[in-house]
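K.L.:
Questions regarding the structure given below will be posed in turn.
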Amino acid sequence: MAIHGEITPPPDKSISHRSFMIGALAEGITTVRNALESDDILSTRRALAALGIEIHRDKDAYLVEGSRMKEPLQVIDAGNSGTTARLMSGILAGIEGISAMTGDGSLVQRPMARVMKPLELMGARFLARRGGYLPMAIKGGRLRGIFHPMEVASAQVKSALLLAGLAADGTTTVNEPSPSRDHTERMLDHFGATLNLSAKSVSISGGQRLQARDICVPGDPSSAAFPVVWAAATAGSEIIVRDVCLNPTRTGFLPVLARMGARINVENTRDSAGEPVGDLIVLGSGLQGTTIAGDEIPSLIDEIPILVVAAALAAGTTVITDAKELRVKETDRISAMVQGLRRLGAEVEELEDGLIIKGPARLSGGSIETFSDHRIAMSFFILARALGIDVRLDDVGCVSISYPGFFADMGTFR
Ligand code: S3P
């Protein structure tokens, strides 16, 4: 089913988390406009409140009063949010005293050892469930800088170490196997910090003072990807997606779709608090299969479920590899997509680190298990609407993790 219309996606989730956290670490009052109002961001705001940070709503903005954070009196509940749990670990490691953190049924199954281990080398101490899972307790205090070569490209680990590095003695350097999203680096620079960047590593020296700034959060490319794929894969569609963050560490799905034959133009590009922003004009056409692998994976890691939908709608075979990280997201997204697509009749092969799908899949309606993962739910909704088939999702409420207005927005297309 082709679509026509214009949409502004919700504010970027990654940048919203960082605006509140980095605002809390800065001197003065940071103004955050257009922050995402979603369950994950509420988890971050509550975590900061537990540390004594005052965040007030003033008309269309949040005012974040940066101040010295205090040992929390309550257990911090990061809910479903991996970004809250991992970035806050970096902050908590630098706070004198004991803090405790937990999360929902999904988050307590996601690996935390990747942040705990390097933060322990910096001088923090952790007590966690066997294997390194929440709930956990952190003894924070004086930290020292380290050199940390990351095994997997993870912006959450990198960011946790940079935030801890701000509170450490000496220099903290993080090396990544391939570039992950760099919002923390851009925002720390915007707040006046000095970072040393090279192709695959970033260093920060401790003791730097951040100055409060104004931020206007741009639209989330991960949320924009849902209508973009719907329009790109359905001939006759024409949509405009406004005010999208176009940071190249996030927009890997655009060159992939272009390779598949999509017609997407970028217009009206500008800068907002160190992040590139612009509008996307998407014209529908037939798509072809492609291969998605290697260094481009971190730049589209959250978009793989919706790219799998694009692959199901495309002619020919699509191969996705090097994406093992998908197995430790809000759910095992490789398994969730394979199961759901097979349920609807698609030919899919599951790989340890990805999948192979033959398109165009001739699908019929059916019931889908979302595993309460927002991106799985939204992906199957788009597949159903693009094909005009009847798909029942077992949980629709989970979209509020990143895109509370998703169903209403998708309903505005003609
Ligand atoms: C995020 C980083 C990515 C991404 C997540 C948000 C962030 O996770 O999947 O949705 O805001 O830093 P990893 O750092 O685990 O790759």
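Throughout, read-outs are computed from the coordinates displayed, never taken from laboratory work. Treat the numbers as computed from the prediction; the structure is a model and nothing was measured. Quick reminder, even Gly has a Cβ in these numbers, built from the backbone with ideal geometry, and neighbours come from all protein chains shown.
K.L.:
Give me the distance between the Cα centres of the range 199-275 and the range 1-57, rounded to whole Å.
P.N.:
17 Å
K.L.:
Still on this model: Could you work out the relative contact order of the range 13-204, using alpha carbon pairs under 8 angstrom and six or more residues apart, expressed as a whole percent? Each step should come with its number before you reach the end.
P.N.:
Working: 403 pairs, mean separation 32.5, N = 192.
Reported as a whole number, the value is 17 percent.
K.L.:
Efficiency by 1/(1 + (r/R0)^6): what FRET value for R129 and E151, r their Cβ-Cβ distance, R0 = 30 Å, to the nearest 0.05?
P.N.:
On the way: r = 21 Å, r/R0 = 0.69.
Computed FRET efficiency for R129 and E151: 0.90.
K.L.:
Set the Förster distance to 45 Å, then compute FRET efficiency between K200 and D390 from the Cβ-Cβ distance, nearest 0.05.
P.N.:
Numbers: r = 47 Å, r/R0 = 1.04.
E between K200 and D390, to the nearest 0.05, is 0.45.
K.L.:
If you average 1/r over all unlike Cα pairs in the range 220-410 and invert the result, what Kirkwood radius do you get in angstrom? Each step should come with its number before you reach the end.
P.N.:
Details: mean 1/r = 0.0610 Å⁻¹.
Evaluated over the range 220-410, this radius sits at 16.4 Å.
K.L.:
At 4 °C and 1.567 mPa s, what whole-number value in µm²/s does Stokes-Einstein give for the translational diffusion of the chain, with Rh from the Kirkwood sum over Cα pairs?
P.N.:
60 µm²/s
K.L.:
Could you calculate the contour length gain from E37 to D322, that is, 0.36 nm times the residue separation minus the distance between their Cα atoms, to one decimal place in nm? Numbers along the way, then the final one.
P.N.:
Details: separation 285, 0.36 × 285 = 102.60 nm, distance 3.23 nm.
In short, 99.4 nm is gained.
K.L.:
Another question, then. Can you give me the relative contact order of the range 7-81 as a percent, contacts being Cα pairs under 8 Å and 6 or more apart? Walk me through the numbers on the way to the answer.
P.N.:
Details: 110 pairs, mean separation 26.6, N = 75.
Rounded, it is 35 percent for the range 7-81.
K.L.:
Let me ask you something else. What distance in nm separates the two pseudo spin-label positions at N175 and Q339, each 7 Å out from Cα along the beta-carbon direction?
P.N.:
3.9 nm
K.L.:
Can you give the local net charge around A293? Use residues other than it whose beta-carbon is closer than 10 angstrom to its beta-carbon, Lys and Arg +1, Asp and Glu -1.
P.N.:
Net charge around A293: -4.
K.L.:
May I pose another question? Sort 151-161, 31-41 by the packing proxy (mean of other Cβ within 10 Å over each peptide's residues), most packed first. Walk me through the numbers before you get to the answer.
P.N.:
Working: 151-161: 23.2, 31-41: 21.4.
Averaged packing, sorted descending, gives the order 151-161, 31-41.
K.L.:
May I ask for the angle, rounded to the nearest 10°, between helix 82-93 and the longest principal axis of the chain, with both axes built from Cα atoms and the value confined to 0 to 90°?
P.N.:
With rounding to tens, the tilt is 10 degrees.
K.L.:
Right, next: Using only Cα atoms, tell me the angle between helix 155-166 and the longest principal axis of the chain; keep it within 0 to 90° and round to the nearest 10.
P.N.:
Compared with the principal axis, the helix lies near 20 degrees.
K.L.:
For the chain, what does the relative contact order come out to in percent, with C-alpha contacts under 8 Å and a separation of six or more? Could you put the intermediate results ahead of the total?
P.N.:
Numbers: 1012 pairs, mean separation 64.2, N = 414.
Across the chain, relative contact order equals 16 percent.
K.L.:
Additional query: Sequence neighbours fewer than 8 away in the same chain don't count; with that in mind, list the lysines whose C-alpha is under 25 Å from K200.
P.N.:
Candidates past the 8-residue exclusion: K13, K117, K158, K324, K329.
K.L.:
Now for a different question. How high is the FRET efficiency from L73 to Q211, r the C-beta distance, R0 30 Å, rounded to 0.05?
P.N.:
Numbers: r = 29 Å, r/R0 = 0.97.
E between L73 and Q211, to the nearest 0.05, is 0.55.
K.L.:
Another question, then. Rounded to the nearest 5, what is the percent of antiparallel bridges among the DSSP beta bridges in the chain? Working shown, then result.
P.N.:
Values: 55 of 77 bridges.
In the chain, DSSP labels about 70 percent of beta bridges as antiparallel.
K.L.:
Between beta-carbons, use under 12 Å as the cut-off and find the net charge around P179, counting Lys and Arg +1, Asp and Glu -1.
P.N.:
Details: positive: K158, R181, K200, R250; negative: E176, D182, E185, D295, E296.
Here the count lands on -1.
K.L.:
Please identify the GluC sites (Glu not before Pro) of the range 254-363 that satisfy two criteria: DSSP loop assignment and at most 16 other Cβ atoms within 10 Å. Which are they? Write down the numbers at each step before the final one.
P.N.:
Working: sites: E267, E296, E303, E325, E330, E347, E349, E350, E352; in loops: E330, E352.
Of the GluC sites (Glu not before Pro), the ones in loops of the range 254-363 whose Cβ has at most 16 other Cβ atoms within 10 Å are E352.
K.L.:
How far, in nm, would the chain grow between N268 and D332 when pulled straight, counting 0.36 nm per residue and subtracting the alpha carbon separation? Don't skip to the end; give the middle numbers.
P.N.:
Details: separation 64, 0.36 × 64 = 23.04 nm, distance 3.69 nm.
Length gained between N268 and D332: 19.3 nm.
K.L.:
Full extension from D295 to R362: what is 0.36 nm times the residue separation minus their Cα-Cα distance, to one decimal in nm? Walk me through the intermediate numbers first.
P.N.:
Numbers: separation 67, 0.36 × 67 = 24.12 nm, distance 3.15 nm.
Contour length minus the Cα-Cα distance gives 21.0 nm.
K.L.:
Another question about this same structure. If I fit a long axis through the Cα atoms of helix 333-344 and take the longest principal axis of the Cα atoms of the chain, what angle between them do I get, 0 to 90°, rounded to 10?
P.N.:
Orientation of helix 333-344: about 20 degrees from the principal axis.
K.L.:
Cβ under 10 Å from V244's Cβ, V244 left aside: what net charge do those residues give with Lys, Arg +1 and Asp, Glu -1?
P.N.:
Numbers: positive: R242, R250; negative: D12, D220, D243, D279.
Net charge around V244: -2.
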